[in-house]
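So the structure is just underneath, and the comments pick up after that.
The values are calculated or read from the model by the stated rules, or taken from the named source; none is laboratory data. Here the structure is a predicted model, which means the values were calculated and not measured. Cβ sites come from the backbone with ideal geometry, for glycine too, and all protein chains shown count toward neighbours.
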């Protein structure tokens, strides 16, 4: 998943992170994760235990694999949104912008394993490794492959937490086993060379900016000016590189945040809409209904696990219908 980083090392094993605030110190202005990989290993292993840990949007040149042992989290990879829980996994291809947040676990701390591979190391063994795209639903992957993936991720987390020199040998061997499995069973194609991003790629910067500032009062014109473009040129660039319009992309970001917050809170929907960046409850209701086919209050009734007596009345549903019409 998303990692918190410590500059300390013990023996030859990477040290467990100490503070969530340290993470942002390794994200460049271009949202590129800096070189923080431990020497002697093909990747960085982190075992997350913090509830409600937020990691800002970023990308890196290596493949990342995530496995939930206990708890869960919400993740955004490019324009796709995921809610993971116990025993779920996620693969993040090289160069994909992503961010995430762990979810409070009622039974105690979460436990999430994250492995991010160092493209410099992997590329020396497997040239152009960063061009591959990955998916859990890859056509070559079967049920046994997915079970093996889960098993390797759990073993990597266990070996990492042992923090002794002897376990380091097994950890390294298991990391290479995971690499072999991912590159032989879970690839779905290759990225064309011209789409390989550099640290100065402006599209990475724009998407990262929107991921971190979507709740603010943004317009296409103001964001274009922020990055030094005319609105017309920015509009063409954005649609060409993302396949959608600025307004549609921004609305989806806001809807995803609002939906997540409705899953986790019984606070006023008007407040949730405002916190996600919607100018009014009416605009939020219309956008939500258009995207998901039901009103926000109908969605909350079906998904929020709280006392039903605390939910809005039928009168609220009538207002929803009036606002979405």
Kindly check whether there is at least one residue in the range 129-149 that is in a helix (DSSP H, G or I), at pLDDT below 95 and farther than 16 Å from residue 43 by Cβ. yes
Among the residues of the range 102-118, count how many are touching a helix residue (DSSP H, G or I) at 6+ places or on another chain (Cβ under 8 Å) and crowded, with 20+ Cβ neighbours inside 10 Å. 4
Take the conditions assigned by TED's automatic domain parsing to the domain that holds residue 158, at pLDDT below 95 and over 14 Å from the mean Cα position of the chain (by Cα) and apply them to residue 121. Does it pass? yes
Failed item, numbered, when residue 76 is tested on (1) on the phi < 0 side of the Ramachandran plot; (2) surrounded by fewer than 23 Cβ atoms within 10 Å (Cβ to Cβ); (3) over 9 Å from the mean Cα position of the chain (by Cα): (3)
For the range 103-127, enumerate the residues that are free of Cβ contacts under 8 Å to residues at least 60 places away in the same chain and touching a strand residue (DSSP E or B) at 6+ places or on another chain (Cβ under 7 Å). 105
Sole miss for residue 95 among (1) surrounded by fewer than 18 Cβ atoms within 10 Å (Cβ to Cβ); (2) touching a residue at least 60 places away in the same chain (Cβ under 8 Å); (3) in a loop (DSSP other than H, G, I, E, B) is condition (1)
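One line per residue, one yes/no per condition, for (1) at pLDDT below 90; (2) surrounded by 14 or more Cβ atoms within 10 Å (Cβ to Cβ):
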{"position": "179", "(1), (2)": "no, yes"}
{"position": "185", "(1), (2)": "no, yes"}
{"position": "196", "(1), (2)": "yes, yes"}
{"position": "199", "(1), (2)": "yes, yes"}
{"position": "210", "(1), (2)": "no, yes"}
{"position": "220", "(1), (2)": "no, yes"}
{"position": "226", "(1), (2)": "yes, yes"}
{"position": "232", "(1), (2)": "yes, no"}
{"position": "241", "(1), (2)": "yes, yes"}
For the range 59-72, give me each residue that is part of a strand (DSSP E or B) and either surrounded by fewer than 24 Cβ atoms within 10 Å (Cβ to Cβ) or under 9 Å from the mean Cα position of the chain (by Cα) (or both). 67, 69, 70, 72
